[in-house]
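J.: Below you'll find the structure I mean.
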Amino acid sequence: MKKKYITLMLLSLSSLLAGCNKFLEEKSDKRLTTPATIADLNALLQHNNMFLSFSSAGQVSSDDLYISDADYNGLYYDSDKRLYAWQPDHVSKGVGTVGNNWQSCYSPIFVCNSVLQSLADNNLTGTEADKVRGQAMVLRAVRYLDGVQVWAPVYNSATANADLGMVIRLDPDMNLQSKRATLQQTYDQIIKDLTEAIPLLPETSTFPAIPTKAAAYGLLARTYLFMGNYEQARNNAESALTYNSNLIDFNKLKATDAFPLPGTKLYAPEEMLFFGTMTINDIDINSVVRILPDLYNLYMDGDLRKVMYFKAGKEGSFLFKGSQSRAGLFIGVTTAEQLLILAECDARDGKLTDASTTLDKLRIKRWKAEKYTPSIFINKEEALKSIIEERRRELAFRGLRWADLKRLNRDGANITLTRTVNGDTRTLAPNDKRYAIAIPEDVIEISKIPQNPR
């Protein structure tokens, strides 16, 4: 009965965001009954909607994948075609349409704000209330972190106080005027939420979807990495790994195994610090999305991920099969990601021995034992190149490549993307304004917030 009640409440809350084409400006009904017990608020935060439908726009736009002209021409939504072709505008489905990334971002934020407001209004205190409060802050922060990688430019400390960030909502009252915060304010809010959540969170949970201290530290490490604050990224990655440093040994798997492993809902939950998934709507990951040769060829003979992550497709192509969840492409936080952050930060600081030692903790679990050779770095440049390539191999199709392209180009990597659509070759230059994907036009029209510069 309680499960049915919570589901109905989530639908009611979400309808304020998606029900009638007035997403951010929809007036809330003060008479709406909001769950007021710790158990019900906790159930709201653990509903599936809070962990699914993270943005896929960056993944579709990245250099991990391509689709054939026939599949491109067969896409139902023109917005999907425009997004894939790196068009500057009209790249999002309308509000209220399945697959609208903006709506999927702000609906969970609204739930988190409602939960936090209810905790305050009902004066709920104590250990269990603190856990709910901490989880709500983590779940709000992770959505803002996801969104800012898609709809804002890369973080640059010199311009962050002027660059446009997200619409920051900390109150469930939908009557409040929509206003885009600066990029600095957006990152400050993400860091504030995660930092304040840590002392409230448990050290362990029964499922990776329930945030823990390790999840918050891991998300902070990811946040600071995107910002280019490598000292803080290292510190938080180390903190996350003190709670969980488990890695699955690919040598114990069968090459014929599909992810997730047979009979399970999740692959390697022991590696997961936080759970979340995205779905590339209308572009079938199992048959349509193909792997770019530049990515596939990064996996050398002896690297077990080459057979565990990919399968043969049509016309000599390869398809991705390595998601860690049956609910979509896994985009959560893992111990492997934290090791890669730690190794990269050590390399940038010139600690080459530490960087190679940390990297090998991961690589030895991913390679055939008889073919594995330890990493030896001669200089900082070689170390960074090796670690960033390893990051791309390990974190393929995790929704992180778009953010990596933005930060690496900010730091001078000079990566130009090329994509051919129906014979027309398109390019995306480093630091192009299209790296901040256009906000849905109907959101702009309703809310009057400024669109990203084109």
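The values are calculated or read from the model by the stated rules, or taken from the named source; none is laboratory data. Everything quoted here is computed from the prediction, not taken from an experiment. FYI the Cβ positions are ideal-geometry reconstructions off the backbone, even for glycines, and counts take in every protein chain you see. When the accessible area is computed, the model is the full protein with side chains, heavy atoms only, and any ligands, DNA or RNA have been set aside. Shrake-Rupley method; radii C 1.70, N 1.55, O 1.52, S 1.80 Å.
J.: Considering only segment 330-349, how many residues are open to solvent by 10 Å² or more (accessible area, probe 1.4 Å) and either assigned to a loop (DSSP other than H, G, I, E, B) or within 19 Å of residue 51 (Cα to Cα) (or both)?
T.: Qualifying residue count for the region: 2.
J.: Does residue 240 satisfy the condition of being open to solvent by less than 10 Å² (accessible area, probe 1.4 Å) and either within 15 Å of the chain's Cα centre (by Cα) or under 19 Å from residue 148 (Cβ atoms) (or both)?
T.: no
J.: Go through segment 105-120 and give me each residue that's open to solvent by 30 Å² or more (accessible area, probe 1.4 Å) and touching a residue at least 12 places away in the same chain (Cβ under 8 Å).
T.: 116, 117
J.: Out of everything in segment 131-158 that is part of a loop (DSSP other than H, G, I, E, B) and of a type in the set (A, V, I, L, M, F, W, C), what residue ends up being farthest from residue 217 (Cα to Cα)? Spell out how you get there, then give the answer.
T.: Initially, segment 131-158 is screened for residues part of a loop (DSSP other than H, G, I, E, B), giving 152-158.
In the following step, the residues that additionally are of a type in the set (A, V, I, L, M, F, W, C) were identified as 152, 154, 158.
Numbers: 152: 23, 154: 21, 158: 26 Å.
In this case the residue turns out to be 158.
J.: For segment 40-71, give me each residue that is more than 19 Å from residue 402 (Cβ to Cβ), in a helix (DSSP H, G or I) and either open to solvent by less than 50 Å² (accessible area, probe 1.4 Å) or aromatic (Phe, Trp, Tyr) (or both).
T.: Selection gives 40, 41, 42, 43, 44, 45, 50, 71.
J.: Anything in segment 136-170 that is among the charged types (D, E, K, R) and open to solvent by 10 Å² or more (accessible area, probe 1.4 Å)? List them, or say none.
T.: Within segment 136-170, 140, 146, 163, 169 qualify.
J.: Check segment 227-234 and report whether any residue there is assigned to a loop (DSSP other than H, G, I, E, B), under 22 Å from residue 158 (Cα atoms) and open to solvent by 50 Å² or more (accessible area, probe 1.4 Å).
T.: Looking through segment 227-234, at least one residue is assigned to a loop (DSSP other than H, G, I, E, B), under 22 Å from residue 158 (Cα atoms) and open to solvent by 50 Å² or more (accessible area, probe 1.4 Å).
J.: Could you list, ordered by first residue, the pairs with Cβ atoms under 6 Å in which the first is in segment 132-152 and over 15 Å from residue 192 (Cα atoms) and the second is of a type in the set (Ser, Thr, Tyr), at least 6 apart or interchain?
T.: From residues that are over 15 Å from residue 192 (Cα atoms), the pairs are 146/55; 148/186; 150/55.
J.: List pairs: first residue in segment 404-419 and in contact (Cβ under 8 Å) with a residue 40 or more places away in the chain, second residue open to solvent by 50 Å² or more (accessible area, probe 1.4 Å) anywhere in the structure, Cβ distance under 6 angstrom, at least six positions apart or on different chains.
T.: 409/431; 419/426
J.: So which residues in segment 285-337 are within 19 Å of the chain's Cα centre (by Cα) and farther than 30 Å from residue 370 by Cβ?
T.: Residues satisfying the conditions are 285, 289, 325, 326, 327, 328, 329, 331, 332, 333.
J.: Okay, moving on. Filter segment 279-312 down to the residues that are open to solvent by less than 70 Å² (accessible area, probe 1.4 Å), over 26 Å from residue 101 (Cβ atoms) and assigned to a loop (DSSP other than H, G, I, E, B) and list them by number.
T.: 298, 299, 302, 304
J.: When residue 425 is evaluated against the numbered criteria (1) surrounded by fewer than 17 Cβ atoms within 10 Å (Cβ to Cβ); (2) hydroxyl-bearing (Ser, Thr, Tyr); (3) farther than 30 Å from residue 102 by Cα, which criterion, by number, is the only one it fails?
T.: Status for residue 425: all satisfied but (3).
J.: Being in contact (Cβ under 8 Å) with a residue 60 or more places away in the chain and either among the basic types (Lys, Arg) or not in a loop (DSSP other than H, G, I, E, B) (or both) is the filter; apply it to segment 82-100 and report the residue that is farthest from residue 422 (Cα to Cα).
T.: 93
J.: Can you tell me which of 100, 175 is open to solvent by less than 10 Å² (accessible area, probe 1.4 Å), over 27 Å from residue 413 (Cβ atoms) and at pLDDT below 95?
T.: Being open to solvent by less than 10 Å² (accessible area, probe 1.4 Å), over 27 Å from residue 413 (Cβ atoms) and at pLDDT below 95 holds for just one of 100, 175, which is 100.
J.: For segment 245-271, enumerate the residues that are touching a strand residue (DSSP E or B) at 6+ places or on another chain (Cβ under 6 Å) and at pLDDT 70 or above.
T.: 271
J.: Then there is this: For segment 60-81, which residues satisfy the criterion of being touching a residue at least 60 places away in the same chain (Cβ under 8 Å) and touching a Ser or Thr at 6+ places or on another chain (Cβ under 9 Å)?
T.: 63, 66, 68, 69, 71, 77
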